[in-house]
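The values are calculated or read from the model by the stated rules, or taken from the named source; none is laboratory data. Here the structure is a predicted model, which is why all the values come from computation and not from measurement. Every residue, glycine as well, gets a Cβ built from its backbone with ideal geometry; the counts of neighbours run over all protein chains shown. The protein model used for the area step is the full one, side chains on, heavy atoms only, and it has no ligands, DNA or RNA in it. Shrake-Rupley method; radii C 1.70, N 1.55, O 1.52, S 1.80 Å.
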Amino acid sequence: QVQLVESGGGLVQAGGSLRLSCAASGSIFSWHTMGWYRQAPGKPRELVADITGGGSTNYADSVKGRFTISRDNAKKTVNLQMNSLKPDDTAVYYCNARTYQENYWGQGTQVTVSS
């Protein structure tokens, strides 16, 4: 059974930084693409960034240059370093692990950016 547990959310002022971490357990391997999504109130869930097992990354345009995703395949962790945070970044952030046949979600962690 796969479990994804997020940590690191919280309240920060605009311009500040946060680091989100996701620890995976169970049948998660290096061939799973790992990612972070977010959902703000009244809006659909959207991709923030993802990273393949080989280290290829993909970012939403709104976070390029501010956020950095990384993973440690041996430790089964994926991190999201968020810098220069804006109020528009306020959302629940979800960890995701997927292959063509599988799709797993964490329970989410709240990030609130005050102006």
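Taking first residues from region 58-81 that are at positive phi and partners that are of a type outside the set (D, E, K, R), the Cβ contacts under 8 Å between residues at least 6 apart in sequence or on separate chains come to K76/A23; K76/A24; K76/S25; K76/I28. Looking across region 13-35 at every residue that is aliphatic (A, V, I, L, M) and more than 21 Å from Y104 (Cα to Cα), the one that is farthest from the chain's Cα centre (by Cα) is identified as A14. On the stretch given as region 35-94, residues that are in contact with a Leu (Cβ under 7 Å, 6 or more places away or on another chain) and of a type in the set (F, W, Y) total 4. Against the conditions (1) closer than 28 Å to Q1 by Cα; (2) open to solvent by 40 Å² or more (accessible area, probe 1.4 Å); (3) at pLDDT below 95, S115 satisfies every one except (1).
Selection of region 58-96 for residues being over 22 Å from G16 (Cα atoms) and more than 12 Å from the chain's Cα centre (by Cα) yields D72, N73, A74, K75, K76. Scanning for something modelled with pLDDT under 95 and among the hydroxyl-bearing types (S, T, Y), does region 85-99 turn up at least one residue? Checked region 85-99: at least one residue is modelled with pLDDT under 95 and among the hydroxyl-bearing types (S, T, Y). Only residues that are closer than 20 Å to G10 by Cα and either assigned to a strand (DSSP E or B) or open to solvent by less than 30 Å² (accessible area, probe 1.4 Å) (or both) were counted across region 24-53, and they come to 10.
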